[in-house]
Amino acid sequence: MAFSFIGGILLLTIASIIKPDVRFSEEENRILAEKPKMSKESLMDKGYMTGLESYTSDQFVLRDFWIKMKVQCDLLLGKRELNGVYLGADKYLMQAPAAPDEKNVQVNLEAMNQFAKKHENVKVNAMIVPNAVYIMEDYLPKGAPVRNQGKDMKNLKKNLSDKIGFIDVTKVLQQHVNEGLYYKTDHHWTSKAALYSFKAAAEPLGIENPITDYKAYTVDASFSGTLASRSGYHKAEDEIQVYAPEGVELQYLVSDSDNGKKRPTVYDRSKLKEKDKYQVFFGGNHAMVDIVTTNDTERKLIVFKDSYANCFVPYLIPYYNEIVMIDPRYYYENVETLMANKGITDALFLYNLDTFMTDNSIAGVLAAE
């Protein structure tokens, strides 16, 4: 038995060495580690050994099979936390919030305050959206240790300037918690949650007579998102829906800064053939997206955002002449020049709370060169 065990380990090790490396994992929706290059510096600072450990873990033969086996064993043992993902009631997967980067949070808040002070003629709002672990806390496994995002929201509001309108959609989300506001398999909120939030945010955003009638269209019924990939738990699938306003004709052109594509729609149906089908909204994240409309209004909006904004911004299109979406993680141009050239009248910071509490890019993009 001992020889058989050792022989099996050797065979697996040899197979892992000789098999071609896999660059991208469809199952986990991420790029896998590459073989590190050995150098004197990397050996001295232990970077080589760290990289080799990641490489070995990512490129091990039959990796997906072993992950699935581990998940099944964990479930049999009654475990309800899988690689930082909680398995909740009704097969909901919920990501445990990361520890906040307090230093960067304060730096970002101060940068936002300075931005609002500098642009007194611009209507500035911030909408930070709580995650599923807070809104759906009753779905969590009993005793799951989860950070209180309610306190985080209060602290953000307290530290933001009164020149910035703080739009808190917590209550409206809690009122509709059982209606599928977050995907079961993914960390994003759904289009329905974004619609409820838009209706609550319309007045603070200065939107008069917002559209009330929408029709939902299901564009995919087999979505398995990032949390399913991360946890290895694949017992549920989600529907992706888009909502179109009833009786309203919208004409606009969407331009992506990083690939030069232009299209008369915010939806990229080609992404429904890929693993990350949430990218149907705008084709995923881009450094800058410019939406030019035919609306007869002088209002022009800039949105500093993460991916939560991708299914929310479509509801804003009927009310602005132009909407510019900036993802600070990828945008390196001068925002001040952009705002001046565009004649921006409104600004919105739209993030999910977990991302906002760990972000280190907002202050950088707001700093004028």
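The values are calculated or read from the model by the stated rules, or taken from the named source; none is laboratory data. In this text the structure is predicted, and so the values were computed from the model without any measurement. Positions of Cβ are backbone-derived with ideal geometry, glycine not excepted, and every protein chain shown enters the neighbour counts. Accessible surface is based on the protein model in full, side chains and every heavy atom, while ligands, DNA and RNA are left aside. Shrake-Rupley method; radii C 1.70, N 1.55, O 1.52, S 1.80 Å.
Looking only at the stretch 174-188, residues that are out of contact with any Ser or Thr (no Cβ under 7 Å at 6 or more places or on another chain) and surrounded by 20 or more Cβ atoms within 10 Å (Cβ to Cβ) come to 1 in all. Checked against the criterion of being at pLDDT 90 or above, under 19 Å from Leu350 (Cβ atoms), touching a Lys or Arg at 6+ places or on another chain (Cβ under 6 Å) and open to solvent by less than 30 Å² (accessible area, probe 1.4 Å), the stretch 76-95 contains not a single residue that satisfies it.
The criterion of at least 1 residues that are closer than 23 Å to Leu93 by Cβ and under 20 Å from the mean Cα position of the chain (by Cα) is met by the following strands (runs of 3 or more DSSP E) wholly inside the stretch 145-259: 214-223, 238-245. Scan the stretch 255-284 for residues that are open to solvent by 40 Å² or more (accessible area, probe 1.4 Å), of a type in the set (Asp, Glu) and either closer than 18 Å to Asp238 by Cα or without any contact (Cβ under 8 Å) to a residue 12 or more places away in the chain (or both) and the total you get is 1. Report the residue count in the stretch 289-331 for those that are among the hydroxyl-bearing types (Ser, Thr, Tyr), open to solvent by less than 10 Å² (accessible area, probe 1.4 Å) and within 16 Å of the chain's Cα centre (by Cα). Result for the stretch 289-331: 1.
Of the strands (runs of 3 or more DSSP E) lying entirely inside the stretch 299-369, those containing at least 3 residues that are in contact (Cβ under 8 Å) with a residue 60 or more places away in the chain are 346-352. Filtered by the rule that a residue be assigned to a loop (DSSP other than H, G, I, E, B) and hydroxyl-bearing (Ser, Thr, Tyr), the stretch 273-298 gives Thr294, Thr297.
Annotation: of all residues in the stretch 240-249 being surrounded by 16 or more Cβ atoms within 10 Å (Cβ to Cβ) and touching an Asp or Glu at 6+ places or on another chain (Cβ under 8 Å), the one that is farthest from Arg269 (Cα to Cα) is Pro245. For the stretch 116-135, filtering for residues that are open to solvent by less than 10 Å² (accessible area, probe 1.4 Å) and over 20 Å from the mean Cα position of the chain (by Cα) leaves 2. Which one is most open to solvent (accessible area, probe 1.4 Å) among residues in the stretch 332-369 that are among the β-branched types (Val, Ile, Thr) and under 20 Å from Asn104 (Cβ atoms)? Step by step, filter the stretch 332-369, then rank; the result is Thr358.
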